[in-house]
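Visitor: Starting off with a structure, shown below.
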Amino acid sequence: LPLFDFPLAQALHQATHGHPLYLALAATALREAQIRQQEVKIGSLEQLLVPAGLVPYHEDQNIGDYLLNLYFSHLSLSEQHALVFCSLPRALDMRTLRIVLQLSSDIEAREYWSRYRHMTFVHIIDEEKIIFHPVVRHLLQQRLPPDAFVESDYYQTHLRLRDHIRKYASPREKIEEAYHALALGDY
């Protein structure tokens with residue numbers, strides 16, 4: 001095996017978005033898989049098991065679950081589930097948050113918004129929008145896989161978002177409508 005494979009290093013950095021812990025876990029797990037002559041696809045790094053030498057006592061977990069558990073260990077299960085739904089839109093504002101979580105009031109949406117914008121994996125775009133770190137967003141979305149069944153949570157959430165954007169969005173925000181329509185299989 002070559003000591004340094006520049007294209008592989010670039011692919012690893014891109015797949016992990018440069019997230020230091022994810023990068024270290026994925027690189028070590030990938031190296032171990034290469035030694036065992038197992039083929040691993042870069043797109044499924046989060047499915048590799050946590051290397052025992054890096055994080056003892058977690059070698060039975062896959063990397064994606066380990067990272068999410070690390071981020072969310074202080075959150076209740078219902079808060080974790082809410083974050084899964086919040087990962088579906090590309091960006092969150094209070095209005096989108098209210099639609100995604102089906103909140104009953106602007107006051108409740110403001111409380112969630114205030115809590116979310118102080119989380120370490122959230123980037124504040126402006127005073128009105130936040131986005132999740134790409135690694136966290138990807139890992140959260142893995143917990144709610146695409147489902148074309150009309151009654152599924154995945155389908156219903158994208159449907160609510162698409163319909164809301166269709167009614168109230170400015171022309172500049174119409175790309176979001178297309179994003180949710182594509183998630184629904186509406187090409």
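The values are calculated or read from the model by the stated rules, or taken from the named source; none is laboratory data. In this text, all values refer to a predicted model and were calculated from it rather than measured experimentally. Every residue, glycine among them, receives a Cβ derived from its backbone with ideal geometry; neighbour counts consider all protein chains shown. Only protein heavy atoms, including side chains, enter the accessible area calculation; ligands, DNA and RNA are left aside. Shrake-Rupley method; radii C 1.70, N 1.55, O 1.52, S 1.80 Å.
Visitor: Add +1 for every Lys or Arg and -1 for every Asp or Glu among the other residues with Cβ under 14 Å from the Cβ of ILE107, and state the total.
Guide: Residues near ILE107 contribute +1 overall.
Visitor: Okay, next question. Under a 1.4 angstrom probe, counting protein chains only, how are HIS81, HIS180 ranked by accessible area, largest first?
Guide: Details: HIS81 100, HIS180 0 Å².
Accessible-area ranking of HIS81, HIS180, largest first: HIS81, HIS180.
Visitor: Then there's this: Rounding to the nearest 20 debye, state how big the charge dipole of the chain is about its Cα centre with +1 on each Lys and Arg Cβ and -1 on each Asp and Glu Cβ.
Guide: 360 debye
Visitor: To the nearest 10 degrees, how steep is helix 6-16 against the longest Cα principal axis of the chain, on a 0 to 90 scale?
Guide: It is inclined by approximately 40 degrees.
Visitor: Now for a different question. Relative to the compact globular guide of 2.2 N^0.38 Å, what is the alpha carbon radius of gyration of the chain, as a ratio?
Guide: Against the compact-globule rule of thumb, the ratio is 1.16.
Visitor: Averaging sequence separations of C-alpha pairs under 8 Å and six or more residues apart, then dividing by the length of the stretch 102-179, give the relative contact order as a whole percent.
Guide: 12 percent
Visitor: Distance in nm between label sites at TYR187 and ILE35, each 7 Å beyond Cα in the beta-carbon direction?
Guide: If labels sit at TYR187 and ILE35, their model points lie 4.5 nm apart.
Visitor: A further question on this structure: Have a look at ARG115, ARG36, ARG160 and tell me which one the Gaussian network model of the chain (Cα, springs below 10 Å) gives the largest fluctuation.
Guide: ARG36
Visitor: Here's another thing I want to ask about it. What full-extension length gain, to one decimal in nm, is calculated for GLN80 and ILE42 as 0.36 nm per residue of separation minus the Cα-Cα distance? Don't skip to the answer; put the middle values down first.
Guide: Numbers: separation 38, 0.36 × 38 = 13.68 nm, distance 2.62 nm.
Stretched out fully, the GLN80 to ILE42 stretch lengthens by 11.1 nm.
Visitor: Once Lys and Arg get +1 and Asp and Glu get -1 on their Cβ, which of ALA26, ILE125, VAL135 lies farthest toward the positive end of the dipole of the chain?
Guide: ILE125
Visitor: Considering only protein heavy atoms, with the full assembly of protein chains and a 1.4 angstrom probe, order TYR57, TYR168 by accessible area, largest first. Before the final figure, lay out the partial values.
Guide: Working: TYR57 200, TYR168 140 Å².
These residues rank, largest area first, as TYR57, TYR168.
Visitor: I've got another one for you. With contacts defined as alpha carbon pairs under 8 Å and 6 or more residues apart, what's the relative contact order of the chain in percent?
Guide: Relative contact order for the chain comes out at 15 percent.
Visitor: Can you compute 3J(HN,Hα) from phi for each residue in the stretch 144-157, using the Karplus curve 6.51 cos²θ - 1.76 cosθ + 1.60 with θ = phi - 60°, rounded to whole Hz and x for Gly and Pro?
Guide: So the Karplus estimates, Gly and Pro as x, are 9, x, x, 8, 7, 5, 4, 8, 5, 4, 4, 4, 4, 5 Hz.
Visitor: Another question, then. Counting only protein heavy atoms, what percent of the accessible surface of the chain is carbon or sulfur at a 1.4 Å probe?
Guide: Taking all protein chains in place, the chain shows 55 percent carbon and sulfur surface.
Visitor: Using a 1.4 angstrom probe and counting only protein chains, how large is the accessible area of LYS129 in Å², to 10?
Guide: 70 Å²
Visitor: Only Cα pairs within less than 10 Å get springs; with that Gaussian network setup on the chain, which residue of GLN156, GLN102, GLN37 has the largest fluctuation?
Guide: Of the options given, GLN37 has the highest mean-square fluctuation.
Visitor: Compute the accessible area per residue over the chain, keeping the other protein chains in place, probe 1.4 Å, unit Å².
Guide: Heavy-atom SASA per residue in the chain reads 60 Å².
Visitor: Right, next: Can you tell which of HIS19, HIS74, HIS164 shows the greatest fluctuation in a Gaussian network model of the chain with Cα springs below 10 Å?
Guide: HIS74
Visitor: Local charge sum around LEU75 (other residues, Cβ-Cβ under 14 Å, Lys/Arg +1, Asp/Glu -1)?
Guide: Working: positive: ARG115, ARG143; negative: GLU79.
With Lys, Arg at +1 and Asp, Glu at -1, the neighbours total +1.
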